[in-house]
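Engineer: I have a structure I would like to understand better, so I am pasting it below and will then ask my questions one at a time.
The values are calculated or read from the model by the stated rules, or taken from the named source; none is laboratory data. The structure presented is a predicted model; accordingly, all values stated were derived computationally and were not measured. Here Cβ is always computed from backbone atoms with ideal geometry, including for glycine, and neighbour counts include all displayed protein chains.
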């Protein structure tokens, strides 16, 4: 990538005083990849990170040259971490060095720091020159490698700009973390990606208006990007080869991926979601996984999928397999804590669990019947013995008097009226003979008989 990870310049070779940013700060060659040519040159060209670029923000001050601090840029691929590093390097006016966390060891780190220290002291010709050290994927550095940076960062021998796709709280040593600003970049939205693409089509640095792109092609490019601007631009460049009009077929051919007919705001969204839920309800695990894949491939919000699975776990499975809800909730937590693409495995696991679980609509029927009764006015007074008695004078009003504490009974169940008078004997929950409800059904019947006083006690009191 244009010398991005070339070894640091030999200090004996001298310096021109203008810095050496390699492939990050040097103007890209006309033959450079589209994503490189379209790398933002100013703050105003950056999309999707407005929460970091507000007036007076640390990042804006740093890039404008009014602040000096080491930073850790944390965010998904293709969100602008390398771009921001290049802007910082450009405005500092110092030397730029880059290390690869994949190939550099402690020796290389210390060599860069030694060069930076001598450069900062100067040789009479280029004294006082700051070194900006860019480390991509810093989480891949070992603890020893990270520790080697501490003194140089603390004493500003180098201005560290580190990028990582992993949470630095877990992947970066605490001393280095405390010496740096941590700035989290967010995934680009569909609108952000579309803006990047349209700019690349029109900009002289990009395709310079030489090609026309149809709306369907744009939609597919956005869908396959996964919020990664670099991926979107690479796909656009591949689609633009040998054509002056890019349509959906060109994009599909270029990236070898068929477009998924799925509109998150239209009929396809509702149709596929409906088919997904009905396939789970119908216990067709293969169809359910198919529709899940269509939603994931089309860029459906994984949180939406997780919500549908949680709803379905109670709506169509319920007490036939109470662990289904646990699995669905766990999948939602994975979506929240881990994110895509890894979370697709948890969503698939939950889908398979729900599709293969025994089914029961008992939960829906129970609350539906209860709400119907409440809605029709069957909401009588709470029996006096069940009322709150934790206040002065409650006993005089009859509240809590004659309440029987179930735990005082050897069986933990006592004959006692719980519902209002006009709902005594009303059954809401009707267990099926599916799954766990096969065992719950007889137990519910026995409990009702005891509570309603229809059977004798097994033990004398």
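Engineer: With the requirement that a residue be closer than 14 Å to residue 76 by Cβ and either surrounded by fewer than 19 Cβ atoms within 10 Å (Cβ to Cβ) or modelled with pLDDT of 85 or more (or both), what does region 188-200 give you?
Structural biologist: Matches in region 188-200: 189, 192, 193.
Engineer: I'm checking my understanding of the structure. Among residues of region 101-122 that are modelled with pLDDT under 75 and in contact with a helix residue (DSSP H, G or I) (Cβ under 9 Å, 6 or more places away or on another chain), which one is nearest to residue 70 (Cα to Cα)?
Structural biologist: Checking each candidate, the answer is 101.
Engineer: Quick check on region 162-184: of everything there that is assigned to a loop (DSSP other than H, G, I, E, B), farther than 17 Å from residue 133 by Cα and touching a helix residue (DSSP H, G or I) at 6+ places or on another chain (Cβ under 6 Å), which residue is modelled with the lowest pLDDT?
Structural biologist: 166
Engineer: Follow-up question, since we're still on this one. Give just the number: which of (1) in contact (Cβ under 8 Å) with a residue 40 or more places away in the chain; (2) surrounded by fewer than 16 Cβ atoms within 10 Å (Cβ to Cβ); (3) outside the structural domain of residue 69 (by TED's automatic domain parsing) does residue 215 not satisfy?
Structural biologist: (1)
Engineer: Of the residues that sit in region 378-414 and are without any contact (Cβ under 8 Å) to a residue 12 or more places away in the chain and assigned to a loop (DSSP other than H, G, I, E, B), which one is nearest to residue 428 (Cα to Cα)?
Structural biologist: 412
Engineer: While we're on this one: Within region 27-43, can you find the residues that are farther than 13 Å from residue 199 by Cα and either at pLDDT 85 or above or not in a loop (DSSP other than H, G, I, E, B) (or both)?
Structural biologist: Result: 33, 36, 43.
Engineer: Search region 140-159 for residues being surrounded by fewer than 20 Cβ atoms within 10 Å (Cβ to Cβ) and assigned to a helix (DSSP H, G or I), and hand back the single one that is nearest to the chain's Cα centre (by Cα).
Structural biologist: 140
Engineer: What's the total number of residues in region 220-255 that are free of Cβ contacts under 8 Å to residues at least 24 places away in the same chain, within 17 Å of residue 299 (Cα to Cα) and surrounded by fewer than 22 Cβ atoms within 10 Å (Cβ to Cβ)?
Structural biologist: Looking only at that region, the number is 0.
Engineer: Give 449, 399, 389 a once-over and let me know the one that is over 46 Å from the mean Cα position of the chain (by Cα), closer than 29 Å to residue 321 by Cα and either surrounded by 11 or more Cβ atoms within 10 Å (Cβ to Cβ) or not assigned by TED's automatic domain parsing to the domain that holds residue 323 (or both).
Structural biologist: Unique residue meeting the criteria: 449.
Engineer: Just one of the numbered conditions (1) under 26 Å from residue 344 (Cα atoms); (2) part of a loop (DSSP other than H, G, I, E, B) is not true of residue 222; which one?
Structural biologist: (2) is the only condition that residue 222 fails.
Engineer: Here's something else I'd like to know. Could you tell me which numbered condition residue 336 fails, if it satisfies all but one of (1) in a helix (DSSP H, G or I); (2) within 30 Å of residue 166 (Cβ to Cβ); (3) touching a helix residue (DSSP H, G or I) at 6+ places or on another chain (Cβ under 7 Å)?
Structural biologist: Exception for residue 336: condition (3).
Engineer: Right, another one. What is the one condition in (1) in contact with a strand residue (DSSP E or B) (Cβ under 6 Å, 6 or more places away or on another chain); (2) free of Cβ contacts under 8 Å to residues at least 40 places away in the same chain; (3) surrounded by fewer than 18 Cβ atoms within 10 Å (Cβ to Cβ) that residue 181 does not satisfy?
Structural biologist: So residue 181 meets the others, but not (2).
Engineer: For a quick check of your reading: which helices (runs of 4 or more DSSP H) sit entirely within region 266-319 and have at least 2 residues that are out of contact with any strand residue (DSSP E or B) (no Cβ under 6 Å at 6 or more places or on another chain) and in contact (Cβ under 8 Å) with a residue 60 or more places away in the chain?
Structural biologist: In region 266-319, the matching helices (runs of 4 or more DSSP H) lie at 267-281, 285-297.
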